[in-house]
1. Being among the charged types (D, E, K, R) and within 20 Å of residue 134 (Cα to Cα) is the filter here; which residues of the stretch 50-74 pass it?
2. Hey, which of the helices (runs of 4 or more DSSP H) in the stretch 1-120, taking only ones fully inside, have at least 2 residues that are of a type in the set (D, E, K, R) and either farther than 21 Å from residue 145 by Cα or without any contact (Cβ under 8 Å) to a residue 40 or more places away in the chain (or both)?
3. Residue pairs, Cβ under 8 Å, 6 or more apart or interchain, first in the stretch 163-179 and under 13 Å from residue 11 (Cα atoms) and without any contact (Cβ under 8 Å) to a residue 40 or more places away in the chain, second among the hydroxyl-bearing types (Ser, Thr, Tyr) and not in a helix (DSSP H, G or I). List them.
4. Against the conditions (1) surrounded by 20 or more Cβ atoms within 10 Å (Cβ to Cβ); (2) assigned to a helix (DSSP H, G or I), where does residue 128 fall short? Just the number, please.
5. Hey, among the residues in the stretch 57-75 that are crowded, with 17+ Cβ neighbours inside 10 Å and at pLDDT 90 or above, which one's nearest to residue 176 (Cα to Cα)?
Amino acid sequence: MARILSFLFHPLFAPLLTSLLVFNLPIYINFKFGPIYFFYIGVIIFMNLIAAPLLVSIYLKKIGMVETLHMKNVDERKIPYFICSIFYAFTYFLLAKIDFPSSYLVLFGAASISVIILFLASLAKLKISAHLTALGGVCGMLIFISVQLGVDLSNWLIAIVLISGLVASARLSLSAHKPWEVLSGFGLGIACQLVLLV
């Protein structure tokens, strides 16, 4: 069960899962732009933030720069996190050029910053849970949207907090992380989003 949870909520899938959630919330922005617009945004996110980093990771494994795609060793995470940071930055600027809604663009920018911080942490040999960074980011996004747009998203927030707890337990039971690594990951994800409210 722990492996299934770790796979389903792998940070690589976080941008698409988050987009599916946010783009389907009953808020004005989503009705204004419509499903076809958000479908194309989803394709951009999938290609730039899931397919491309996955192909790079597979290549890095093939040439022996990473042992497994799980990247259990903090040193193995440096290059993939650096590459993901580039893909996130590129996608942020691409979305800005195509008039992505500004409320969503700032959230995406905050997510990009969290990926850059994960990279910098790996340089400092700090292993922070990317799984929990992603889930903390989703919680922060929901809080931000709820406060900024006056929408009650408490049910979604409770669900994501519960999922975060399950995934944290799974990561600990697999000995993939220490408790401080999952807590700092969740804290990083939520802090990068909530700083936007200040």
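1. Listed by number, the list holds a single entry, 72.
2. Per the criteria, 52-62, 78-97.
3. Once the first residue is under 13 Å from residue 11 (Cα atoms) and without any contact (Cβ under 8 Å) to a residue 40 or more places away in the chain and sits in the stretch 163-179, its partners that are among the hydroxyl-bearing types (Ser, Thr, Tyr) and not in a helix (DSSP H, G or I) give 168/129.
4. In the conditions (1) surrounded by 20 or more Cβ atoms within 10 Å (Cβ to Cβ); (2) assigned to a helix (DSSP H, G or I), residue 128 misses (2) alone.
5. In this case the residue turns out to be 57.
The values are calculated or read from the model by the stated rules, or taken from the named source; none is laboratory data. Treat the numbers as computed from the prediction; the structure is a model and nothing was measured. Glycine also receives a Cβ, built like all others from the backbone with ideal geometry; neighbour counts cover every protein chain displayed.
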